[in-house]
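Written out below as structure tokens is the structure these notes cover.
Computed from the coordinates by the stated procedures, all read-outs in this text should not be read as laboratory data. All of these numbers come straight from a predicted model, not from anything done at the bench. Glycine also receives a Cβ, built like all others from the backbone with ideal geometry; neighbour counts cover every protein chain displayed.
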Amino acid sequence: MSPAGQKSATPNGPATTLVIMAAGLGSRFGGTKQLVDVGPNGEVFLDFAIRDAVSAGAGKVVIIVRSEIEEEVREHLSTQHDDAVPIVLSCQDAHGPARAKPWGTGHAILSAAHAIDTPFLVVNADDYYGPTSYRVALDALRLADAATGVITAFRLAKTLPVVGQVSRGVCTADDSGRLASVVETHGIGRGADGAIASEDPPGVHGDDTLVSMNMWGFPAMLLGHLEAMFATFLADHGEEEKSEFLLPDVVSNLMNSGELTVVVTETDEQWIGVTNPDDLEPARAALRQR
């Protein structure tokens, strides 16, 4: 399936896959926000992801869902996309031990490993990243070797809500443009004086501070590492109800061991997303302006 009436781009370079994480419970939103319409023609966020990634050359789409919403997602896709590019649905809860709370983003990718056989780009189902972000990310991923990943970082000011505070992963890169760290930073907001500050860790941040919005690109070899590391995670934390096997933790461990290098790419796109119900109308208005 691909966006109706749209031709798929096929830039030179190895094939790539878009992986959309859409299995979240949406507890803060209070419903299945993966399927809440935000676009003028009934589009949900993942429809824009599919369209933009296919235009940037992705040759396949894998969407990670929960079993309880699989059919609803499938029906929605049939209204928005044709069959020009394959779209595969994979149920995260069908992989590994059963648990009410999903095992985390690292487990989500592992649960879809059977459908991924190329370098792949990972995004959230409830974020709008913008078309140039996909072009930058997929171009960099095609140039990367078998031990190199990509993170596409956003300007902090372009990820802030009009009202309220957010958490963001603040990125730092070394002189060669390789990712050095991602520091989860909480309570970020713009004050009355116009400055952006955070509460934990406390600090002041420039508008152009680079932050992660969970737009990662990986070589296919990551899947083998995920399998081994999830087995270790289960041995250590399998009895805990809320522990999560998180993708950024996997990346950090592989970077520290020297088994993965991550290149930082930058985008000037305006990020649009929904966390709470109050975010929905501003997101719709922002997308109309796009």
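Across the range 166-214, the relative contact order, built from alpha-carbon pairs under 8 Å that are at least six residues apart, equals 36 percent. With R₀ fixed at 25 Å, the C-beta to C-beta distance from Lys242 to Val183 puts the FRET efficiency at about 0.65. A straight chain from Leu280 to Glu259 at 0.36 nm per residue would run longer than the Cα-Cα distance by 3.6 nm. Packing around the peptides 176-184, 111-119, taken as the average count of other Cβ atoms within 10 Å per residue, puts them in this order, highest first: 111-119, 176-184.
Each residue of the range 45-54 is assigned a 3J(HN,Hα), and the resulting list reads 4, 5, 5, 5, 4, 4, 4, 5, 5, 5 Hz, derived from the Karplus form 6.51 cos²θ - 1.76 cosθ + 1.60 (θ = phi - 60°), x at Gly and Pro. Given +1 at the Cβ of Lys and Arg, -1 at the Cβ of Asp and Glu and no other charges, the dipole of the chain around its Cα centre is 540 debye to the nearest 20. Maximal additional length on extending the Asp145-Ser67 stretch stands at 24.6 nm, based on 0.36 nm per residue less the C-alpha distance. Once the Cβ-Cβ distance of Asn41 and Val162 is raised to the sixth power relative to R0 = 22 Å, the FRET efficiency obtained is 0.30. The modelled label-to-label distance for the pair Val88/Asp174, using points 7 Å beyond Cα in the direction of Cβ, is 3.4 nm. 3J(HN,Hα) along the range 143-151, derived from phi through the Karplus expression 6.51 cos²θ - 1.76 cosθ + 1.60 where θ = phi - 60°, amounts to 8, 6, 8, 6, 10, 10, x, 9, 10 Hz, with x in place of Gly and Pro. Near Glu199, the amide H atoms lying under 5 Å from its own belong to His186, Gly187, Ile188; only residues 5 or more places off or on other chains count, and H is placed 1.01 Å from N.
Taking other C-beta atoms within 10 Å as the exposure proxy, Lys33, Lys101, Lys242, Lys60 rank Lys242, Lys101, Lys60, Lys33 from fewest upward. At a Förster radius of 25 Å, what calculated FRET efficiency corresponds to the Cβ-Cβ distance of Asp268 and Asn214, to the nearest 0.05? Computed FRET efficiency for Asp268 and Asn214: 0.90. With the simple spin-label model, which puts each label point 7 Å out from Cα in the Cβ direction, the Glu75 to Glu199 separation comes to 4.1 nm. Here the relative contact order of the chain, from alpha carbon pairs under 8 Å that lie six or more residues apart, stands at 24 percent.
Taking the empirical scaling 2.2 N^0.38 Å for compact globular proteins as reference, the chain has a Cα radius of gyration ratio of 0.96. Sequentially through the range 89-94, phi angles give Karplus couplings (6.51, -1.76, 1.60; θ = phi - 60°) of 9, 10, 8, 4, 6, 8 Hz, Gly and Pro residues having no value and appearing as x.
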